[in-house]
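K.L.:
I'd like to ask you about the structure that follows.
The values are calculated or read from the model by the stated rules, or taken from the named source; none is laboratory data. As the structure is a prediction and not an experimental result, all values here were calculated from the model. Neighbour counts are summed over all protein chains in view; Cβ atoms, including those assigned to glycine, are modelled from backbone coordinates with ideal geometry.
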Amino acid sequence: MLMHTLSVDTARPAPGAPCEAALPVLLANQVEKTYPNGTQALQRLKLSIERGEFVSLLGPSGCGKSTLLKMFAGLESPSAGHVRWWGKGSLDTDQPGQRMAMVFQEATLMPWARVADNARLPLDLAGVPKAEGNARVQAALELVGLGKFGGVYPRELSGGMQMRASIARALAVQPNLLLMDEPFGALDEFTRNRLDSDLRDLWRSRDLTVVFVTHSIYEAVFLSSRVVVMGARPGRVLADVAIEGPEVRDEAFRTSAPFIEQCARLSALLAEANADSAH
Amino acid sequence: MENSARPLLADPRFQRIAAPLFVGLVLLALWQLLCVTLKVPTYLVPTPLDIGRTLVADGPMLFAALLVTLKITFLSFALAVLLGVIAAFLFVQSRVIEASLFPYAILLQVTPVVAVAPLIIIWVSNTTLALTICATLVAIFPIISNTVLGLRSVNPGLLNLFRLNRASRWQTLLRLRIPSALPYFFGGLRIASGLALIGAVVAEFVAGTGGTGAGLAYQILQAGFQLNIPRLFAALFLIALTGVLLFSLMAALARVSLGHWHESEQG
């Protein structure tokens, strides 16, 4: 089930085109996170994400990648340092062009609500009129290939389809920044690969910046324009690697030499990091 | 195959009703047989047929008594649901409120109603009200504890989603906490409906009120004094039947409300 490429009014700026706002979409400046029990989840972390990038945060468990994503979502605040969204200290969701949505590790759908009602939740909470909300939800559901499933309950869907519904809920917000926390980690490899390609198509077709947390090297290389390799204890950035690859990536890319080379490089970086933190 | 030859017997819905009925009939037949063969006197153990005859003969009187007991049961059940839900909402507002009030809710639960009933009956002159209060005291605890548990058992991921979308406290309550609490609440209803009936009967026993407003418990007391054992059994049968029907009613209510999504109502 391929996602239909939408003709969108807000196309991504061509590479090199002058941006009206040179400010990064996301900026983490000297961010630290220390939990009350003394665990240091993040140490003096600096990261800037530009408009239109697809950035993966890659690292072993405990490297603070999920913590960093939660900070980007405004669900956690740093113990020191600060996060900036479009240059501002707080997230203003009503500002057009600065909308944010998040997809969690699990589909986190409300079991008592139909798929369409689930996808409409953020719009309902924001007070979007019902008719407009329904149209946006239907468009989002069709985008993820669930156009005919709006009326069913989540339990009637497979794991992959539930995840699609969860993505539709995020897309209905028409986000400019999409945060994804290991969204496909619980799915089988086949389903995961398919969702990865659909996500990549979706990102290319619109003005969307994606921050994607994963511990799969292959997924990170396939999806990203940039991979941030993180290490654990304390969580920090080890390397910031630009990914070379064609704009349109398909199954052939997964077996190409550049893909395999870049995976090997990231794998070496991660092994090094693990060796460092082992003692 | 047996399944295709006897589709009605294979139907789980039919089985759920027919199987216990069949067991009941077998037990009644055994009872009847034992009473007749062992020549047990009626004033000790009446046969099921004796009880049936009494049920018909004393029908109007017993039925009037049943209505009185039912009235107390439903009044106290409604009151327990109303007050229990209000208390639960109060408790989840803050940990301090819960910490300071919950021990008293437990106190309510562990104090035997027979011990408090005389006091309440002295303090409240209206018998119906006094009995209702007693039965409410018995029935309210499962509503409070289950609803509190339900309101707190919210999927943390969904809670994050609501926070992320800047849901107000009110929106979170209405769209997340209440639907999440419903399965627990219905569990509480099931227990409380039975307890309301027990509370009503126990309170009637303690009050011992006779006359036109007498409930089934009074009929049992009277029948006991008069050694009218078949009538005692008939009254007992009506109480048990009422309890089963109440339980089924609550189960049906839960099925209607949760059937489309909750695991407990699947299959």
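K.L.:
What is the one condition in (1) out of contact with any Lys or Arg (no Cβ under 8 Å at 6 or more places or on another chain); (2) surrounded by 14 or more Cβ atoms within 10 Å (Cβ to Cβ); (3) at negative phi that A:Arg233 does not satisfy?
P.N.:
(3)
K.L.:
Tell me the residue from B:Leu182, B:Leu216, B:Leu197, B:Leu227 that is under 30 Å from A:Val173 (Cβ atoms) and touching a residue at least 24 places away in the same chain (Cβ under 8 Å), please. Steps first, answer last, please.
P.N.:
Working: B:Leu216 fails: under 30 Å from A:Val173 (Cβ atoms); B:Leu197 fails: under 30 Å from A:Val173 (Cβ atoms); B:Leu227 fails: under 30 Å from A:Val173 (Cβ atoms).
Step by step, each of B:Leu182, B:Leu216, B:Leu197, B:Leu227 is checked, and only B:Leu182 is under 30 Å from A:Val173 (Cβ atoms) and touching a residue at least 24 places away in the same chain (Cβ under 8 Å).
K.L.:
Also, I was wondering about something else. Would you check if there is a residue in segment A:130-145 being within 22 Å of B:Gly157 (Cβ to Cβ), buried (at least 17 other Cβ atoms within 10 Å of the Cβ), free of Cβ contacts under 8 Å to residues at least 40 places away in the same chain and touching a Ser or Thr at 6+ places or on another chain (Cβ under 9 Å)?
P.N.:
Scanning segment A:130-145, I find no residue that is within 22 Å of B:Gly157 (Cβ to Cβ), buried (at least 17 other Cβ atoms within 10 Å of the Cβ), free of Cβ contacts under 8 Å to residues at least 40 places away in the same chain and touching a Ser or Thr at 6+ places or on another chain (Cβ under 9 Å), so the answer is no.
K.L.:
Of all the helices (runs of 4 or more DSSP H) wholly in segment B:117-190, which have at least 1 residues that are at pLDDT 90 or above, within 11 Å of chain A (Cβ to nearest Cβ) and in contact with a Phe, Trp or Tyr (Cβ under 8 Å, 6 or more places away or on another chain)? Even if it seems obvious, please write down each step before you answer.
P.N.:
Details: elements: B:127-152, B:156-164, B:169-172.
Here the list reads B:156-164, B:169-172.
K.L.:
Filter segment A:94-107 down to the residues that are of a type in the set (S, T, N, Q) and under 17 Å from the mean Cα position of the chain (by Cα), then identify the one that is farthest from the other protein chains (Cβ to nearest Cβ). Give the steps one after another, and end with the answer.
P.N.:
Within segment A:94-107, the subset of a type in the set (S, T, N, Q) is A:95, A:98, A:105.
In the following step, the residues that additionally are under 17 Å from the mean Cα position of the chain (by Cα) were identified as A:98, A:105.
Values: A:Gln98: 14, A:Gln105: 8 Å.
Looking at residues that are of a type in the set (S, T, N, Q) and under 17 Å from the mean Cα position of the chain (by Cα), I get A:Gln98.
K.L.:
Related question: Look at A:Pro111 and say whether it is in contact with a strand residue (DSSP E or B) (Cβ under 9 Å, 6 or more places away or on another chain) and not assigned by TED's automatic domain parsing to the domain that holds A:Ser205. Spell out the reasoning first.
P.N.:
On the way: in contact with a strand residue (DSSP E or B) (Cβ under 9 Å, 6 or more places away or on another chain): no; not assigned by TED's automatic domain parsing to the domain that holds A:Ser205: yes.
Here the answer is no, as A:Pro111 does not meet what is asked.
K.L.:
Out of curiosity, is A:Ala80 among the hydrophobic types (A, V, I, L, M, F, W, C), in contact (Cβ under 8 Å) with a residue 12 or more places away in the chain, within 30 Å of A:Pro234 (Cα to Cα) and surrounded by fewer than 17 Cβ atoms within 10 Å (Cβ to Cβ)?
P.N.:
Values: among the hydrophobic types (A, V, I, L, M, F, W, C): yes; in contact (Cβ under 8 Å) with a residue 12 or more places away in the chain: yes; within 30 Å of A:Pro234 (Cα to Cα): yes; surrounded by fewer than 17 Cβ atoms within 10 Å (Cβ to Cβ): yes.
When the stated conditions are applied, A:Ala80 passes them.
Each row is one residue, and each column tells you yes or no for (1) free of Cβ contacts under 8 Å to residues at least 24 places away in the same chain; (2) farther than 26 Å from B:Phe185 by Cβ.
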residue: B:Leu101; (1), (2): yes, no
residue: B:Val113; (1), (2): no, no
residue: B:Pro118; (1), (2): no, yes
residue: B:Ile121; (1), (2): no, yes
residue: B:Leu131; (1), (2): no, no
residue: B:Cys134; (1), (2): no, no
residue: B:Ile144; (1), (2): no, no
